[in-house]
Amino acid sequence: MKKQLYIAALFLGSLTTFAQEKNHNISGGLESNFQWYTNDKNAGDFDDNFSPGEAGIDDHVRSNNYLNLRYNYGKFTAGIQGEFYLPRPLLNYSPYLDDSGVSTFFVNYKTDKLDITGGNFYDQFGSGIIFRSWENRQLGINNSVRGARVNYKPMDALEFTAFYGRQKEAFGVSDGDMFGFNSEISLTDLLNKDSESSLNLGLSYVGRSESTDSFDMDLNPDLDDITHAVSARLDYNKSNFYGSFEYAFKSKDIVVMNQNFINGLIKDGNAFLLNMGYSQKGFGVDWTLRRMENMSFYSERSAPTNVNLADFNMDIVNYIPALTKQQDYLLTNIYVYQAQPGVSIITEERSKAGEIGHQLDLFYKFKKGSSLGGKYGTKIAFNVASWYNLSGDYSIQSEGEDILDPSDDTVFDYDTDFFDLGDRYFTEVSFEVRKKFSKKLSTIFTYVDTFYSKEFVEDTSGEVNADVVVGEATYKLGKGKSIRMELQHLWANKDLKNWAAGTLEYNISPRFTVYVSDMYNYGNDDEARQLHYYNAGVNYTKGATRIGTNFGRQRGGLICVGGVCRFVPESNGLTVNITTSF
Amino acid sequence: MKKYIIYFIALFFSTYSFAQKELPNMDLKDTKGKVTNLKEFTEDHSMVVVSFWATWCGPCIKELDAIHEVYEEWQDELDFEFIAISTDDSRTARRVQPMVNGHEWEYNILLDSNQNLKQALNVNNIPHVFVVKDGKVIYSHQGYKPGDEEELYDILTENN
């Protein structure tokens, strides 16, 4: 901690000295999220049950604070980010973050052809199936690699990247060493510069090296120190058409199920992604097909066995999000799909080793003046996403009594079929219409129909069929004032059953907004759980600064943002958010 | 207690510096794979509007639709370039071009799919709009409410 403070102080001191001179660029940003958790008479007393091993700690006020500083002079850039979790992190963040100090730092030198970074860096190879390091504070993800990265562009058509390091794990680093290489080759630029179409080839390699000393090599003879992952992809583009294909392969590694290493189950993994589309003025269509088998990839083998890491998206090397539509509204965010890259063998009928499925998106604009278009034109958007298990043979051969006891001589195995579909995990059909009726009034109407298998997606039981309807209208009152209203309803035959929700937002001026919202689970079979998840707040925005405060009851469950999910416990209280950049 | 002191000292030092920002020397691709260097672009064009958005961000779509309605008039009156930078990552990046065409937006569209530019400019929430004049950022605004495009228009007219 002390060492970090000295580095930070030195950095800040030298920054302010240079601040006033020409060509020295300093910028930065601050983000603070405070929460004061209160006891809720309906949902229960505030209980810090997300700090395993430290039950009973009762800090009702928590905050996550991020301060980022960046300095640039000519070809050099340096940056530092401090994270302060005071007095402890917010409820839904890893207990390993219960500290404060420097979280990332870097020094970078960049010319036209060369880009070298020492320290923490972020990068992605292809679509991220084998490697992506990124930051998303809302999800508690920051898996930047701390080491060295070199990027070289000898000519326009070629780009190469190489890196070595360890992944950031809270305020420390992962146990495994990571190294990678990526190449992007523009085949059309190399062969024919004047081509109207473009064809790009990408080839990547990522390796993770970690000692296998803690494993019993008699039970796991195939286990290697290094797990290799490779990916190859082709991207094609010609006027309004485009298409791409990516294939990834991950070498053998020990499988983790239910947070336990399964001795003897050493399997490789693979994935492919096919995408194509057509797009012209007023119309666009896009289709994606993906199959993944055993594609979880961690920078530390034991991460998925550690609840303080696995539950908080830590030590993940790749990015394999749910390929479904990001829904915007309160009720359309209840039954949300989570991608299923991993292996789980519970019984021979109830098992999975990955997923296969597709997604289709369609956008169309009815022209102004046409019968469906009206005066301003009408825009529609359609999406369908459907995901299934991999069909195949899943086997369990047990000598003893208790399958879940690791000392039992149970042998698990699986062998999947390549294209066949297994049990259905999830299907969602969404339809959206945006229509402006006058200079003052614009509306959005949305309908979503969902099939959700709790058994396979949540590892609980049951299936839900849900339908949601949302109507939203915005009315401009002039002089920077406007009012926005949403009305929503969800019909479901099982699980939590029916909900009704509404939001009213009033923009008092270009700077101030007040809102009130409520989600009411009136259809719940359990009367004690027929709760209102109410929320009210005020936001102030000026330039790059935003200060917001809200109070209310937060629904517990999966919060999914950008295809990555995190479990959030039910809570009640006051929240204050401050963000600014300079 | 020590942690709080460090935090507030850091806060004080950071607000003390107020040098004007330039766009970083980063290369971004458009949906066809063509590369644009941001620093060079702001050197070649005296007035550039940069707007960060994503296909899943409701207020961002409303902002780009609102500007689209007055875009032709603004282009007749004023001399400026508009770059709409999508922060969609690989999960939703494929939706960018079909959506741009479905809404008939005429902006320059660039992809920041690992969010490296968003991080470099310390953009916390989207939508976020910057106005860059002669290579320096003169206006930075977070969020969108109906009517915000009028403030943007004022900034562009004052500085044209």
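Read-outs throughout are calculated quantities, based only on the coordinates presented, and are distinct from any laboratory measurement. Every value quoted in this text rests on a predicted model; they were computed, and no experiment measured them. Glycine also receives a Cβ, built like all others from the backbone with ideal geometry; neighbour counts cover every protein chain displayed.
Quick one: order A:Leu223, B:Leu121 by neighbouring beta-carbon count within 10 Å, fewest to most.
A:Leu223, B:Leu121
Modelled label-to-label distance, A:Asn260 and A:Ser209, 7 Å Cα→beta-carbon offset: nm?
Placing both labels 7 Å along Cα→Cβ, they lie 3.3 nm apart.
Kirkwood Rh and Cα-based Rg: tell me the resulting Rg over Rh for the range A:252-348, rounded to two decimals.
My calculation puts Rg/Rh at 1.06.
Quick one: plug the Kirkwood hydrodynamic radius of the range A:301-414 (C-alpha pairs) into Stokes-Einstein at 25 °C, 0.890 mPa s, and report D in µm²/s.
132
Using the Cα centre of the protein assembly as shown as the reference point, and only Cβ charges (+1 on K/R, -1 on D/E), how large is the resulting charge dipole? Debye, rounded to the nearest 20.
That gives the protein assembly as shown a dipole magnitude of about 3240 debye.
Ratio of alpha-carbon Rg to the 2.2 N^0.38 Å globular estimate for the range A:134-214, to two decimals, please.
Ratio of Rg to 2.2 N^0.38 Å for the range A:134-214: 1.48.
How far apart, in nm, are two points set 7 Å out from the Cα along the Cα-to-Cβ line at A:Ala536 and at A:Met276?
According to this spin-label approximation, the distance is 5.5 nm.
Determine the alpha carbon to alpha carbon distance for each of A:Lys168/B:Lys21; B:Lys32/B:Lys62; A:Lys352/A:Lys497; A:Lys435/B:Lys136; A:Lys281/A:Lys436 and list only those over 31 Å.
As for pairs spanning more than 31 Å Cα to Cα, those are A:Lys435/B:Lys136.
Report ³J(HN,Hα) in whole Hz for each residue of the range A:295-309, in order, from the Karplus equation J = 6.51 cos²θ - 1.76 cosθ + 1.60 where θ = phi - 60°; Gly and Pro get x.
Karplus values, whole Hz, x for Gly and Pro: 9, 5, 9, 10, 7, 9, 4, 7, 3, x, 9, 10, 4, 6, 10.
Average projected area of the Cα convex hull of the range A:323-381, in nm²? Could the numbers behind the result be given before it?
Values: hull surface 26.0 nm².
Here the figure is 6.5 nm², rounded to one decimal.
Count the net charge of all other residues whose Cβ sits under 12 Å from the Cβ of A:Thr161, scoring Lys and Arg as +1 and Asp and Glu as -1.
My count for the surroundings of A:Thr161 gives -2.
Testing the spin-label approximation: label points 7 Å from Cα along Cα→Cβ at A:Ser438 and B:Glu150. State their distance in nm.
Each label point is offset 7 Å from its Cα along the Cβ direction, giving 1.7 nm.
For A:Gln554, what residues show an amide H to amide H distance below 5 Å, using hydrogens built from the backbone and excluding near sequence neighbours?
So A:Gln554 has HN proximity to A:Ser571, A:Asn572, A:Gly573.
Taking θ = phi - 60°, what integer Hz values does the Karplus form 6.51 cos²θ - 1.76 cosθ + 1.60 yield along the range A:328-340, in sequence order, with x for Gly and Pro?
My calculation for the range A:328-340 gives 9, 9, 3, 7, 7, 9, 8, 9, 10, 6, 10, 4, 10 Hz in order.
Taking the Cα centre of chain B as the origin and placing charges on Cβ (Lys, Arg +1; Asp, Glu -1), which of B:Ala120, B:Ser86, B:Thr36 is farthest toward the positive end of the dipole?
Checked the options; the winner is B:Ala120.
Work out how far the C-alpha atoms of the protein assembly as shown reach from end to end along every principal axis, then list the three figures in whole Å, largest first.
Principal extents (largest minus smallest coordinate, Cα): 81, 63, 57 Å.
Whole Å is fine, so just give me how far the alpha carbon centre of the range A:281-322 lies from that of the range A:67-132.
Using only Cα atoms to place each centre, the spacing works out to 21 Å.
Among A:Trp36, B:Trp56, which comes first, second and so on when ranked by fewest other beta-carbon atoms within 10 Å?
Fewest-to-most ranking of A:Trp36, B:Trp56: A:Trp36, B:Trp56.
Explain nothing, just the number: dipole magnitude of the range A:326-428 about its Cα centre with +1 on each Lys and Arg Cβ and -1 on each Asp and Glu Cβ, in debye rounded to the nearest 20.
In debye, rounded to 20, the range A:326-428 gives about 1980.
Other chains near B:22-32: what is the mean number of their Cβ atoms within 10 Å of each residue's Cβ?
4
Any idea what the alpha-carbon Rg over 2.2 N^0.38 Å comes to for the range A:77-168?
1.26
Order of A:Tyr335, A:Tyr122, A:Tyr506 from fewest to most other C-beta atoms within 10 Å? Please list the in-between numbers first.
Values: A:Tyr335 25, A:Tyr122 20, A:Tyr506 15.
Ordered by Cβ neighbours within 10 Å, fewest first: A:Tyr506, A:Tyr122, A:Tyr335.
For all pairs of alpha-carbon atoms in the range A:473-582, what percent lies in each bin of width 10 Å, listed from the first bin to the last filled one?
Taking every Cα pair in the range A:473-582, the percentages come to 13, 33, 36, 15, 3, 0.
Could you give the C-alpha radius of gyration of the range A:291-357 expressed as a fraction of 2.2 N^0.38 Å, taking N as the number of residues it contains?
In units of the globular-protein estimate, the range A:291-357 measures up at 1.28.
Quick check: Cα centre of the range A:441-502 to Cα centre of the range A:184-258, how many Å?
That distance is 38 Å.
So what's the Cα pair-distance distribution over the range A:70-228, bin width 5 Å, in %?
2, 8, 13, 15, 15, 15, 13, 9, 5, 3, 2, 0, 0
Per residue and in Å³, how big is the convex hull formed by the alpha-carbon atoms of the range A:189-327? Write down the numbers at each step before the final one.
On the way: hull volume 18.4 nm³, N = 139.
Output value, Cα hull per residue: 132 Å³.
Find out how many positive minus negative residues lie around B:Gly147, taking Lys and Arg as positive, Asp and Glu as negative, among other residues whose Cβ is under 9 Å from that of B:Gly147.
Residues near B:Gly147 contribute 0 overall.
Provide the per-residue ³J(HN,Hα) series for the range A:342-359, in order, calculated from phi with Karplus coefficients 6.51, -1.76, 1.60 and θ = phi - 60°, each as a whole number of Hz, with x at glycine and proline positions.
Per residue, the Karplus-derived 3J(HN,Hα) values read x, 9, 8, 10, 9, 9, 5, 8, 10, 8, 8, 9, x, 7, 9, x, 8, 9 Hz.
In Å³ and rounded to a whole number, note down the convex hull volume per residue for the Cα atoms of chain B. Please report the intermediate quantities before stating the final value.
Numbers: hull volume 22.4 nm³, N = 160.
About 140 Å³ per residue, rounded to a whole number.
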